[in-house]
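The structure appears below as structure tokens.
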Amino acid sequence: MTVPMARATNALALLTGGAFLLSLLAGNGEALDMMAGFVPARFLGVQIPDALPAWITPLTATLLHGGWLHLAFNMLMLLFCGRMVEAVVGLPGLLLLYVIGAYAAALGQYLLDPASLSPMIGASGAISAVFGAYALLFGKPRLLLDHPRAAVLVNIVWLAAAWVGVQFLMGFAFSGMGMAIAVGAHVGGFIAGLAIAPLLTVRRNWQFA
């Protein structure tokens, strides 16, 4: 099988990796997380000195990671799913999906805990949008209905419900180990991917076998 070129996917991975290396060289990780990470409470009026404008932090947060393992897992998901999705939606479509996914992830995290002062960092929310599109485009659908469009809608609802359930279970499990994951971001990004993918693939044949 020919591997898609995936210029947008590769560019996002390189940009994210480069930003992580620069943050390591800067040596001010926690301060940088507060300045450029997504802090939900800022949208309730909380001020953070020297922070970037709040409206851009859903994007800048995707360039920050908590360590090599965090970065490696996110980039593995991006490179695997992103190149397949980009082959279908094209370079502009993949970038649009990623950006909207980043903002949808921030919205999901805000709705889950709007007063939180903990910065959300990492690209997993935006990548969840890419993964949502991948699951819809390449996953095996559940054909419960004969009508193709209705079958697509049922598949979207099924995937969203399954993902939400898995994320909250993971959040509960990791919290017991003293680790926090951005459940709201993962849910928001994934649902955005499910919603946007059909709009980006209007020429795709939605006949499932």
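Rounded to a whole number, what is D in µm²/s for the range 62-118 from Stokes-Einstein with the Kirkwood radius over alpha-carbon pairs (4 °C, 1.567 mPa s)? Taking Rh from Cα pairs, D becomes 100 µm²/s.
Equivalent ellipsoid of the range 1-138: semi-axes from √(5λ) of the C-alpha gyration tensor, largest first, are 27, 17, 11 Å. Against the empirical 2.2 N^0.38 Å (N residues), the range 1-44 has a Cα radius of gyration ratio of 1.67. Each of the peptides 75-88, 26-39, 123-136, 99-112 was scored by the mean count of other Cβ atoms within 10 Å over its residues; in descending order, highest first, they stand as 123-136, 99-112, 75-88, 26-39.
Readers should treat all values here as calculations from the given coordinates under stated rules, not as data from a laboratory. Keep in mind the model is a prediction, meaning the values are calculated, not measured. Note that each Cβ is placed from the backbone with ideal geometry, even for glycine, and that neighbours are counted across all protein chains shown.
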